[in-house]
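Encoded as structure tokens, the structure appears first; notes follow it.
No lab work stands behind these numbers, since they all come straight from the coordinates. Being a predicted model, the structure only gives us computed values, none of them experimental. FYI the Cβ positions are ideal-geometry reconstructions off the backbone, even for glycines, and counts take in every protein chain you see.
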């Protein structure tokens, strides 16, 4: 059975460029063939600011949007977060989505395709990694950083450089190794 990879579009704002970048990466992941690759768009879940009355560790969700999000997160064995940098940090939509559930994230590896201006979103990635480790996730080193992203998105499509492709391949190879290694930890305890 193939391991499932969710490439998550983290920006939900109108006019975002994350969707073309995520579509590009999802296609790279499908061609790579190591994962059953699926594109997940946070905007489609329309998660309000965290509104569950009980702590997420209990998994007693009161709202349909949370149950749908929980099922989506639980279905994946690994994640690639496609995200911009907002004021040196991750987008609030990602942090909100991460906080909605807990056990569904545990023992899964994650990587980043970040984008922005000169930094390519790397400062936001560093901050997001702190949250991931608290969720018992394993953020890997390999990443794709797209600098000056506006220069690479034309007519709704992402135009890659060789460094983007090379970085994406290295990311997928390492992410797969971690996803396989963490499989045992994701099994129910005996």
Among 40-48, 150-158, the order from most to least packed when residues are scored by Cβ within 10 Å on average: 40-48, 150-158
Multiply the residue separation of residue 86 and residue 186 by 0.36 nm, subtract the distance between their alpha-carbon atoms, and state the gained length in nm to one decimal. 32.8 nm
So if each residue of separation counts as 0.36 nm, and I subtract the Cα-Cα distance between residue 68 and residue 148, what length gain in nm does that give? 25.4 nm
Can you give the angle from 0 to 90° between the axis of helix 122-134 and the longest principal axis of the chain, with both taken from C-alpha atoms, to the nearest 10? 10
Per its Cα gyration tensor (rounded if a/c is under 1.5, else prolate when a/b beats b/c, else oblate), the chain is best filed as oblate
What whole number of Å gives the distance from the Cα centroid of region 20-73 to the Cα centroid of region 140-186? 18
Two-site label geometry, residue 127 and residue 60: point separation in nm, points 7 Å out along Cα→Cβ: 3.4
Shape category assigned to region 1-66 from the gyration tensor of Cα positions, a/c cut at 1.5: oblate
Using just the helices of the chain, give the 222 nm mean residue ellipticity in deg cm²/dmol: DSSP H runs with n ≥ 4 each add -39,500 (n - 2.57), and the total is spread over all residues, rounded to 500. -13000 deg cm²/dmol
Go ahead and run the numbers for FRET between residue 51 and residue 4, Cβ-Cβ distance against an R0 of 41 Å, rounding to 0.05. 0.90
Report relative contact order for region 58-190 in percent, whole number only (criteria: Cα-Cα under 8 Å, sequence separation at least 6). 25
Which one, 159, 11, 93, has the greatest fluctuation when you compute a Gaussian network model over the chain with C-alpha springs under 10 angstrom? 159
In degrees from 0 to 90, rounded to the nearest 10, what is the angle of the helix 18-32 Cα long axis to the longest principal axis of the chain? 80
What residue among 134, 169, 66 has the largest mean-square fluctuation in a Gaussian network model of the chain, using Cα springs under 10 Å? 134
Considering only DSSP beta bridges where both residues belong to the chain, give the percentage that are antiparallel (nearest 5). 10
